[in-house]
1. For the range 172-187, which residues satisfy the criterion of being β-branched (Val, Ile, Thr) and under 18 Å from Lys86 (Cβ atoms)?
2. Would you confirm whether or not the range 127-140 contains a residue that is within 24 Å of Arg209 (Cβ to Cβ) and either surrounded by fewer than 17 Cβ atoms within 10 Å (Cβ to Cβ) or touching a Phe, Trp or Tyr at 6+ places or on another chain (Cβ under 7 Å) (or both)?
3. Are any residues in the range 163-212 within 15 Å of Lys46 (Cα to Cα), hydroxyl-bearing (Ser, Thr, Tyr) and surrounded by 17 or more Cβ atoms within 10 Å (Cβ to Cβ), and if so, which ones?
4. Does any residue in the range 106-130 that is modelled with pLDDT of 90 or more come within less than 7 Å, Cβ to Cβ, of a residue that is of a type in the set (Asp, Glu) six or more places away or on a different chain, and which pairs are these?
5. Would you kindly identify the strands (runs of 3 or more DSSP E) lying entirely within the range 20-123 that contain at least 3 residues that are more than 22 Å from Phe207 (Cα to Cα)?
6. Restricting attention to the range 1-34, which residues are touching a helix residue (DSSP H, G or I) at 6+ places or on another chain (Cβ under 9 Å) and buried (at least 20 other Cβ atoms within 10 Å of the Cβ)?
Amino acid sequence: MSLVLKSVQKSYRNPDGSRLPVLSIDEYRLKSGEQAALVGQSGEGKSTLLNVISGITQVDSGSIVIDGTEVAGMNEVIRDRFRAEKIGIVFQTFNLLPAFTALENVLLGMSFSGRSDPQFARELLGRVGLEHRLDHKPGALSVGEQQRVAVARALANRPRLMLADEPTANVDVANQENVLKLIREACTEHGVSLLLVTHAREVADQFDRVDTLSDFNRPEVAA
């Protein structure tokens with residue numbers, strides 16, 4: 001299995017000191033190389049789920065195993081290194097650094113794991129159709145081109161798992177299919193497992209496996 005979650009609990013503290021349960025997951029699994037769309041409405045905990053899987057946010061309790069390694073109990077430094085080496089993330093807002101070129105953004109993605117491979121960075125950008133835009137900064141790129149840079153950056157460290165957070169939310173309808181095709185083909189080519197969260201059913205319907213967050217996340221149980 002590429003990803004296994006068991007007995008995962010996550011809550012946040014309200015201003016009055018009470019706890020707001022967000023995640024209560026008995027079990028969730030994703031096989032190596034599998035691609036799944038996870039559907040959930042706004043506020044249901046989709047982004048929180050990706051954040052706890054990636055280690056950006058720590059769980060209150062439970063087990064998260066990625067590529068055979070338990071990550072939930074790691075300290076922050078080790079968790080950050082593991083994320084850089086094993087997990088690729090495509091953020092909803094891309095999170096490209098505006099002062100750096102497309103190539104530099106991908107190389108910076110590599111640097112978090114201590115790697116630097118300009119040839120592979122150029123190859124990735126070429127595979128997403130940006131070989132002629134290597135030296136362009138995000139402000140000089142279209143939204144679709146920025147998304148492609150983000151996908152290339154997410155693949156830069158040859159991850160085992162790709163997490164995509166509403167990757168079509170900032171792309172016009174005409175380009176949604178292209179973005180999804182790009183992400184899925186890139187993951188297939190590199191043997192990367194993919195978990196994509198979305199609120200849009202038309203996006204999820206393009207996947208063979210579609211999961212609904214509310215079917216296995218029951219935060220009211222932890223209330």
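1. Filtering the range 172-187 for residues β-branched (Val, Ile, Thr) gives 173, 179, 183.
Within the range 172-187, Ile183 is the sole residue that qualifies.
2. Checked against the condition, which is being within 24 Å of Arg209 (Cβ to Cβ) and either surrounded by fewer than 17 Cβ atoms within 10 Å (Cβ to Cβ) or touching a Phe, Trp or Tyr at 6+ places or on another chain (Cβ under 7 Å) (or both), the range 127-140 yields no hits at all.
3. Across the range 163-212, the qualifying residues are Thr168, Thr198.
4. Once the first residue is modelled with pLDDT of 90 or more and sits in the range 106-130, its partners that are of a type in the set (Asp, Glu) give Leu125/Glu131; Leu130/Glu145.
5. Numbers: elements: 35-39, 61-66, 87-90.
Ranges flagged: 61-66.
6. Looking only at the range 1-34, we keep the residues that are touching a helix residue (DSSP H, G or I) at 6+ places or on another chain (Cβ under 9 Å), and these are 3, 5, 8-12, 19-28, 33.
Residues satisfying the conditions are Leu3, Leu5, Val8, Lys10, Val22, Leu23, Ser24, Ile25, Tyr28.
The values are calculated or read from the model by the stated rules, or taken from the named source; none is laboratory data. Computed from a prediction, not measured in an experiment: that's the story for all the values here. Note that we place each Cβ from the backbone using ideal geometry, even for glycine, and neighbour counts take in every protein chain shown.
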